[in-house]
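Every number here is computed from the coordinates shown, using simple stated rules; none is lab data. Owing to the predicted nature of the structure, the values given are computational and were not obtained by experimental measurement. Cβ coordinates were reconstructed from backbone atoms using ideal geometry, including for glycine residues, and neighbour counts include every protein chain displayed.
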Amino acid sequence: RLRRRIAADEAIVGWTRSAAGPAVADYPIWAYVVRATGPVRWIRLQRGTPVTPGGMTIREVLWREATATASWPLRATETGPVDRMAELMWRERFEPLEPWLEGARRLVVCSPDFFTGGPLGMLRDDRGRYLSERFVISYAPSVLLSLHERETRGARNAVGSRPALLVGDPLYSRSAREAWTPLTGAGPEIAAVARRLPAVTRLTGAEASAEGLRALAASSA
């Protein structure tokens, strides 16, 4: 049933460990890949990096470092250590799946909890490419829920039939320019979303502000 709903350029992927327990019980790990044709592929993964003296696996170390980097009050430009761990994680958890992902452009991850809430797209392959550069990645709580969403998609009201409010790509004041710079890609992203929705109100630039929202609220728009 699931394969009938998968596009040719799409893959359902997930990871499952053999038992619940501490991090050192992660292994052995079984990963799976579901494509539109062919059988479900199951891949047994072995630990490729040693557990740290503190008892943490590469998964835990990577997400801890990524979280610490992201929590700095200023932008962290030295990401070398995180990038190296992201490549180790790719080799251990993702590279064995690569033979079954040929031609895939979209990934649906059905075990996001196994990655401790971290984004799969931050992993880097042996050519230095982030997975987010190679795939459009989305997440589902389970394969069954992903299947249910696909089977009922046509029965629900299309998202494009409802009005939408898009707010972003604000114009920062001169006094704040040193601390805040425009987010690269925010403007084109809002424009791309707006093109797919027939009833859109956009607040960008100087209108993307608290005042702009209050004006909309006051007018009941």
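Starting from 0.36 nm per residue, how many nanometres of slack lie between ARG1 and ASP83 once their C-alpha separation is accounted for? Can you show the working numbers first?
Numbers: separation 82, 0.36 × 82 = 29.52 nm, distance 3.81 nm.
25.7 nm is the gain from fully extending ARG1 to ASP83.
Under 5 Å between amide hydrogens, which residues at least 5 positions from ALA164 or on another chain qualify, with H placed 1.01 Å from N in the peptide plane?
ALA199, VAL200, THR201
At most 13 other Cβ atoms within 10 Å and a DSSP loop assignment: could you name the GluC sites (Glu not before Pro) in region 31-112 that fit?
Numbers: sites: GLU60, GLU65, GLU78, GLU87, GLU92, GLU102; in loops: GLU78, GLU102.
When the GluC sites (Glu not before Pro) of region 31-112 are filtered for loop state and at most 13 Cβ neighbours within 10 Å, GLU78, GLU102 remain.
If R0 is 35 Å, what FRET efficiency do you get for TRP180 and ARG44 from their C-beta distance, rounded to 0.05?
0.15
Could you give each residue of region 118-135 its phi-based ³J(HN,Hα) in whole Hz, using Karplus coefficients 6.51, -1.76, 1.60 with θ = phi - 60°, and x for Gly or Pro?
x, x, 4, x, 7, 5, 10, 7, 6, 9, x, 8, 5, 4, 5, 7, 9, 9
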